[in-house]
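Peer 1: Right, I'll just put the structure down here and ask away after.
The values are calculated or read from the model by the stated rules, or taken from the named source; none is laboratory data. This one's a predicted model, so the numbers in the text were calculated from it and none came from an experiment. Positions of Cβ are generated from backbone atoms using ideal geometry, with glycine treated the same way; all protein chains shown enter the neighbour counts. Just so you know, the surface numbers come from the protein's heavy atoms only, side chains and all, with ligands and any DNA or RNA stripped out. Shrake-Rupley method; radii C 1.70, N 1.55, O 1.52, S 1.80 Å.
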Amino acid sequence: MGPAIQKAREDLARVGRQVAGAGLVTGTWGNLSVYVPEEGAVVVTPSGLGYDRLNPGDMVAVDLDGRILDGALKPSTELALHLEIYRARDDVRAVVHTHSMYAAALAVAGVELPVILEELAQVIGGTVRVAGYAMAGTHELAFAAVQALGRVNAVLLANHGVVGVGRSLDEALQACLTVEKGAKVYLLARQAGKPGVLSDADVRALRSFFVKAYGQRSGGES
């Protein structure tokens, strides 16, 4: 496999440690992947290994039909979820699935996360909806997740957790972190009063700024 595959392996090991360090997963739950279109490959974390133990060589490369191209270990049991997202979203290059507490609380309650923070508008791009329940690892879950995800960058999985997507693995991780913060703020705000929700026009403007102008690559505000 080419250098892009090796970079994806290294990125997955690095971000896997960040996911664990941020408390977004417990044990071996959750999974991450990177799509490498020039190789026609998806590089995904293996099943059942703790993130603190993962090395680049543990990652598994598969094609978009799930056939193993390279790797000695079994790919994540949620592989179908990742593949279905890549098939549906040509703008997505990475998927991160976590089981963080506050996002999971909304998923269990079947409560979607509205755009109550500017970060949610910028990183996610709209309301985080809840996908209908289906058992983990099934094609039914994959289809439900894609339907609820739509064109935004995160979706809650009923009675399960959250999935974040992005143009890079770091961006997909940022989506999961942003949803977790948003879920916590939303639950606290509901106790204090009625949460304010940003207008659709504001969401579009904030998202456009984030995509086109934010960060050092375009000289945007830090």
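Peer 1: Full extension from Gln191 to Arg53: what is 0.36 nm times the residue separation minus their Cα-Cα distance, to one decimal in nm? Show your work: numbers first, answer last.
Peer 2: Details: separation 138, 0.36 × 138 = 49.68 nm, distance 3.95 nm.
Once the chain is fully extended between Gln191 and Arg53, it gains 45.7 nm.
Peer 1: Share of Cα-Cα pairs in the range 1-108 beyond 23 Å, in percent? Don't jump to the answer; show the numbers that get you there.
Peer 2: Details: 1268 of 5778 pairs.
Above the 23 Å cut-off, the range 1-108 has 22 percent of its Cα pairs.
Peer 1: Rounded to the nearest 10 Å², what accessible area does Glu119 show when all protein chains are kept and the probe is 1.4 Å?
Peer 2: The accessible area comes out at roughly 60 Å².
Peer 1: If I stretch the segment between Asp63 and Met101 completely, what's the gain in nm (0.36 nm per residue apart, minus their alpha carbon distance), one decimal?
Peer 2: Stretched out fully, the Asp63 to Met101 stretch lengthens by 10.5 nm.
Peer 1: Could you compute the FRET efficiency for Arg151 and Ala205, with r as their C-beta to C-beta distance and R0 at 22 Å, rounded to 0.05?
Peer 2: Values: r = 16 Å, r/R0 = 0.75.
E between Arg151 and Ala205, to the nearest 0.05, is 0.85.
Peer 1: Follow-up. Checking the a/c ratio against 1.5 first, then a/b against b/c, what shape does the Cα gyration tensor give for the range 82-172?
Peer 2: Oblate shape, in that a/c is at least 1.5 and b/c is the bigger or equal ratio.
Peer 1: Sort 184-193, 81-90, 171-180 by packing, meaning the average of other beta carbons within 10 Å per residue, with the highest value first.
Peer 2: Numbers: 184-193: 12.8, 81-90: 19.9, 171-180: 23.7.
So the peptides 184-193, 81-90, 171-180, ranked by packing, come out 171-180, 81-90, 184-193.
Peer 1: For the chain, what is the percent of antiparallel DSSP beta bridges, rounded to the nearest 5? It would help to have the intermediate numbers written out before the result.
Peer 2: Details: 24 of 26 bridges.
Percent antiparallel among DSSP bridges in the chain is about 90.
Peer 1: With a Förster radius of 30 Å, plug the Cβ-Cβ distance of Val111 and Glu10 into 1/(1 + (r/R0)^6) and report the FRET value to the nearest 0.05. Walk me through the intermediate numbers first.
Peer 2: Working: r = 37 Å, r/R0 = 1.24.
Calculated value: 0.20.
Peer 1: Rounded to the nearest 500, what is the 222 nm mean residue ellipticity of the chain from helices alone, with -39500 (n - 2.57) per DSSP H run of 4+ residues and division by all residues?
Peer 2: On the way: 6 runs with 86 residues, N = 222.
Mean residue ellipticity at 222 nm (helix-derived): -12500 deg cm²/dmol.
Peer 1: Which of the peptides 93-104, 130-141 is most tightly packed, and how do the rest follow, going by the mean number of other Cβ atoms within 10 Å of each residue?
Peer 2: Working: 93-104: 24.1, 130-141: 16.0.
Ranking, from highest mean packing down: 93-104, 130-141.
Peer 1: Let me ask something else about it. Report, by chain and number, residues whose modeled amide H sits under 5 Å from the one on Ala94, excluding near sequence neighbours (fewer than 5 apart, same chain).
Peer 2: Sorted by chain and number, the residues that satisfy this are Tyr35, Gly166, Ser168.
Peer 1: Restricting things to alpha carbons, tell me how big the range 51-130 is in terms of Rg and Dmax, in Å.
Peer 2: 15.8, 44
Peer 1: Oh, and also: What full-extension length gain, to one decimal in nm, is calculated for Arg87 and Thr138 as 0.36 nm per residue of separation minus the Cα-Cα distance?
Peer 2: 16.8 nm
Peer 1: Right, next: Quick query: amide H of Leu157 versus all other amide H atoms, modeled in the peptide plane; which residues come in under 5 Å with a sequence gap of 5 or more or a different chain?
Peer 2: Ala131, Val162, Val163
Peer 1: Which cross-chain or sequence-distant (5 or more) residues have an amide H under 5 Å from the amide H of Val128, H modelled 1.01 Å from N in plane?
Peer 2: Leu113
Peer 1: Would you mind getting the Kirkwood hydrodynamic radius of the chain from its Cα pairs, rounded to one decimal in Å? If you can, show how the numbers build up before the last one.
Peer 2: Values: mean 1/r = 0.0573 Å⁻¹.
So the Kirkwood estimate lands at 17.5 Å.
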